[in-house]
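The values are calculated or read from the model by the stated rules, or taken from the named source; none is laboratory data. Remember, it's a predicted structure, so these values are computed and weren't measured experimentally. Please note: Cβ atoms are built from the backbone with ideal geometry, for glycine as well, and neighbour counts cover all protein chains shown.
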Amino acid sequence: MSAAADTAAANAAATADAPTARAPWALAAPALMLFIGVLVIPLAMTVMLSFHDWGQYKGIEPVFILKNWHEIATDPYYAEMFWRTFRIAILTTLLTALLGAPEAYILNRMSGRWKSFFLLVILGPLLISVVARTLGWALLFGGNNGLVNKLLMSLGAIRSPIPFMFTETGMVVALAHVMMPFMVLSVWAALQRLDPQIENAAMSLGAGPATIIRRIIMPQIMPGVLSGAIIVFSLSASAFATPAIIGGRRLKVAATLAYDEFLNTLDWPLGAAVGSSASGVTSTKHAGVPLLVVIPEVDVPSAMGAGL
Amino acid sequence: MAYLELDRVAKQFGAQTVVDDFSLAVGKGEFVSFLGPSGCGKTTTLQMIAGFLDPSRGAIRLEGRDLTSVHPARRGLGIVFQSYALFPHMTAAENVAFGLEMRRVPRAECAERVRAALAMVGLAGYEERYPRRMSGGQQQRVALARALVIRPSVLLLDEPLSNLDAKLREGMQIELRQIQRTLGTTTILVTHDQNEAMSLSDRIVVMSQGRIEQIGTPQETYERPASAFVSQFLGKTNDFAATIDRTNAPVRLVAGSWSAPAPAGFSGPVTISIRPERIGFGDAGLAAKIVTRIFQGNHWLFQCESECGPAIVIRQNDGQTQPAEGDAVRLAWRVDDMSLRAGGAA
C-alpha cells in the first residue's frame, strides 16, 4: 500500500474516532447537568455564604470575611460538638458492624421460608419514618413515663429511670437501630458471593467452626462490612431526626447545630460554615474508606507483573 | 478386608428417599466411580462419606471403624468440589497449606509439602497466584493439590472435571489417573460422564433413582450391562425385541430375519441388547435400510431403519467401501457380543 493511501486511511480513522470520543460526554450530559444543578451549585453557594457576615440587626452582609470559620476553629464549643458527632457516628458504626455482620451470617444460613421472613423483619423498619422509629425509643425509655422505665420501676428493679434520653448512649443505640438494615444488607450481599461449598471445603481440611468463621468467612465478608460501615458512618454523621429527638437541645451534633443556626438564630453564614465543614469531613471519609476497601483487593505481585 | 465400606446406607429427606440400600466395599488404593444421571443420589452418597450429611440408615466404615460418628473435620478425607471452593482471599500456596496448618504441621515441613504438592499437579511457580487470576484448569489443580497434600485416607472427587472444556478435561483425566496411581490413594469419583468413569475407574457403580444398578469394572458394565438402564446409560446401544421359537428343534432365538441358536434359560419375549460397533453388514441377518450415514473421522455412524425398529451401526473407517444412504443391508452380529434380557424392549 502507498504512503498516501496510508495517510488517507489514518485520516478516515481519526474522523471516525472524533464522534466516538464525544459520545460519552453527550450521554453523560443530562445526569451531569442535574448533578451540577442540584448538588454542586448549592454546595458552592453554601460555602460562599459561610464567608459572609451576619449581625442581630443588620442581617446577612455579602462581604468576604473569615469570622465564622475563625469562630468554628477557635471556640471549643464547636470542637466538642464535632468530636461528639464523630464519636457517635464511629460508635454507631462499630455497634452495627458487631451486631449486623453476625445477623447477616445467621440470616444467610436460614432455610428459605424463614430467611425471607426475617429479611422482611430486618428491612421492614425502612418503610417507617426515622422519626417514628426514634419516637418509639422515647416512648420506651423517656423519663418516668417510658414504658420500660415504668415496668422496671414497678418491679423494683431500678429506682430512677434508665438514663437514655439526652445521653450519647441513647443516641448511639437509637441510631444503630435505625442504621442496622444498611449494614445487614451490605454484609448479606457479600455473603451471597461466597461459594456455598467453601465451609465444607474448610471443614474437610480439618477446620473447626470458629476457625472457619475467622479464617474463611470473615476475610471474605470484610468488603461488605466496610461498605456497610461507609454507609452507616456517613448517615450517622449527618443524621438529624434521631439526634434531634434523643439528644434534644442539650446534646447537639453537626446537623442539629447547623439547623439551629439557620432556623433559630437565623445566623445563616455560621450555619453554612458548620454545614460545609461537617460535609467536608464526611466526604473526605467517603474518598478515603473506599480506598481502604479496594487496596487489599489488588493482587500486588501480579499487578506489578502486568506493568501497573 | 474392605478399606472403605458402605453397609446398606440410605438417606431420606422427609418422605423422599434419595439413596436406598447402598452397599459397597472399596479396596485400598482402588479408584471407584459413582456414575448416574443427575438426581440419582451419587452426590448425596459422597456427602455422606464426607460427613456433610448423616445417613438415615446404615453404616459407613473406614478400616473397620465406624465413620458416621466422626466429625467431618476429623475424618481426614480429601475432597475436590465441583466449584473447587478455593479460598479466594488466599494464594495458591496458602490454599494448599491450610489443611497442613490445621494439622499443626511444622512450618518448614509444611512449606516443603506445599511446594511438592503444587509441583505434582504441574503448578510449580504459581505459589503466589490468587485463584481469581488462574484459569479453570489451574484452579482445579490447586483444589486437587489442596486435597492431596493432607495425605487423605480417601480422596473424594465431586464432578471435578465438569467445569472444564472438553480438551482440558481429557488431559486432566489422564493426569488424575497417573497421580492417583503414583500415590495409591483410595479414590471415589462422582460423575455423570460415562467416558470419564470408564477411563478413570477400576470399578464403576452405576446408580439410578437412589439405587445401585450395577457394580463392575468398566468393561463388565459396558459389555454385560445388568439392566436396560445400564446399557442405555453407558454408551450407545441397540435394543431389539426378539422371541424364542420352539416350533422346530433346536430352539432358536429370532429377531426379524435374524436368528441364532437360543441360549438356555429364556422363554417368551426377550430383548437383545447389542452395541453398535459389534454389528456388521452381512449377507444374512436383520433386514434394514440405511437412513443416514455420518462420517466421523476414524469411524462411520449409520442410522438404519430395521425390521425391529431404529438401529445404530458403527463401522471402523478401515478403508473398506461402506454402504451408502438408502442401501438395503443385512445386520448381523455374533451371539457372544449381545446380551439378552427377559421381557420386551425397553
Subject >> Given (1) at the interface with chain A (Cβ under 9 Å from one of its Cβ atoms); (2) under 25 Å from B:LEU164 (Cα atoms); (3) not in a strand (DSSP E or B); (4) not acidic (Asp, Glu), index of the condition B:GLY76 fails >> reply: (2)
**OP:** Could you grab me the full set of residues in the stretch B:44-54 that are away from chain A (no Cβ under 11 Å) and among the polar types (S, T, N, Q)?
**Re:** B:THR44, B:THR45
Original post:
Among all residue pairs at least 6 apart or on different chains, which show Cβ distances below 9 Å where the first residue, located in the stretch B:244-257, is over 21 Å from B:VAL329 (Cβ atoms) and the second is among the polar types (S, T, N, Q) and loosely packed, with under 15 Cβ neighbours inside 10 Å?
Top reply: B:ILE244/B:SER267; B:ARG246/B:SER267
**OP:** Can you tell me which residue among B:ALA108, B:ALA93, B:ALA124 is in a loop (DSSP other than H, G, I, E, B), more than 8 Å from every other protein chain (Cβ to nearest Cβ) and farther than 28 Å from B:GLU5 by Cα?
**Re:** B:ALA124
**OP:** Confirm whether B:ARG146 is surrounded by 22 or more Cβ atoms within 10 Å (Cβ to Cβ) and either in a helix (DSSP H, G or I) or over 23 Å from the mean Cα position of the chain (by Cα) (or both).
**Re:** yes
**OP:** Working carefully through the options B:SER69, B:SER83, find the one that is in a loop (DSSP other than H, G, I, E, B) and closer than 23 Å to B:MET198 by Cα.
**Re:** B:SER83
Subject >> Candidate set from the stretch A:179-220 (those that are more than 14 Å from chain B (Cβ to nearest Cβ) and in contact with a Ser or Thr (Cβ under 6 Å, 6 or more places away or on another chain)); member that is farthest from A:LEU99 (Cα to Cα) >> reply: A:SER186
**OP:** Being within 14 Å of chain A (Cβ to nearest Cβ) and surrounded by fewer than 18 Cβ atoms within 10 Å (Cβ to Cβ) is the filter here, so list the residues in the stretch B:55-71 that pass it.
**Re:** B:VAL70, B:HIS71
**OP:** Return yes when A:ILE122 is aliphatic (A, V, I, L, M) and within 24 Å of the chain's Cα centre (by Cα) and no when it is not.
**Re:** yes
**OP:** Considering only the stretch B:309-336, state which residues are of a type in the set (A, V, I, L, M) and not in a loop (DSSP other than H, G, I, E, B).
**Re:** B:ALA311, B:ILE312, B:VAL313, B:ILE314, B:ALA328, B:VAL329, B:LEU331, B:ALA332, B:VAL335
**OP:** Could you check how many residues of the stretch B:279-297 are over 18 Å from B:MET338 (Cβ atoms) and either hydrophobic (A, V, I, L, M, F, W, C) or modelled with pLDDT under 90 (or both)?
**Re:** 7
Original post:
How about the stretch A:40-76: which of its residues are exposed (fewer than 11 other Cβ atoms within 10 Å of the Cβ) and either touching an Asp or Glu at 6+ places or on another chain (Cβ under 8 Å) or among the hydroxyl-bearing types (Ser, Thr, Tyr) (or both)?
Top reply: A:GLY55, A:TYR57, A:VAL63, A:THR74
Subject >> Unique residue being touching a Phe, Trp or Tyr at 6+ places or on another chain (Cβ under 8 Å) and farther than 23 Å from A:ARG250 by Cβ when the list is A:ALA104, A:ALA174 >> reply: A:ALA104
Subject >> Index of the failed condition, B:LEU100 passing every other in (1) away from chain A (no Cβ under 12 Å); (2) modelled with pLDDT of 95 or more >> reply: (1)
Original post:
If you go through the stretch B:259-278 one residue at a time, do you hit one that is within 18 Å of B:ARG330 (Cβ to Cβ), assigned to a loop (DSSP other than H, G, I, E, B) and among the acidic types (Asp, Glu)?
Top reply: no
Original post:
Just one of B:GLY36, B:GLY51, B:GLY76 is over 30 Å from A:PRO223 (Cα atoms) and out of contact with any helix residue (DSSP H, G or I) (no Cβ under 8 Å at 6 or more places or on another chain); which is it?
Top reply: B:GLY76
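Can you name every residue in the stretch B:150-200 that is at positive phi and within 14 Å of chain A (Cβ to nearest Cβ)?
If the condition is that a residue be at positive phi and within 14 Å of chain A (Cβ to nearest Cβ), then B:ARG151, B:GLU159 are the ones that fit.
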Original post:
When only residues in the stretch A:221-264 that are touching a helix residue (DSSP H, G or I) at 6+ places or on another chain (Cβ under 7 Å) and among the charged types (D, E, K, R) count, which is modelled with the lowest pLDDT?
Top reply: A:GLU261
Original post:
Consider B:PRO250 against the criteria (1) modelled with pLDDT of 85 or more; (2) loosely packed, with under 13 Cβ neighbours inside 10 Å; (3) over 29 Å from the mean Cα position of the chain (by Cα): it satisfies all of them except one. Which criterion is unmet?
Top reply: (1)
Subject >> Qualifying residue in the stretch B:11-29 (condition: within 14 Å of chain A (Cβ to nearest Cβ) and in contact (Cβ under 8 Å) with a residue 40 or more places away in the chain) >> reply: no
Original post:
Across the stretch B:187-220, what is the number of residues that are out of contact with any helix residue (DSSP H, G or I) (no Cβ under 7 Å at 6 or more places or on another chain) and farther than 20 Å from B:LEU144 by Cβ?
Top reply: 11
Subject >> Lone unmet requirement of (1) of a type in the set (S, T, N, Q); (2) at pLDDT 95 or above; (3) under 19 Å from the mean Cα position of the chain (by Cα) for B:SER38 >> reply: (2)
Subject >> Subset of the stretch A:153-165 (residues that are buried (at least 16 other Cβ atoms within 10 Å of the Cβ) and either under 30 Å from A:PHE240 (Cα atoms) or within 14 Å of chain B (Cβ to nearest Cβ) (or both)) >> reply: A:PRO161, A:ILE162, A:PHE164, A:MET165
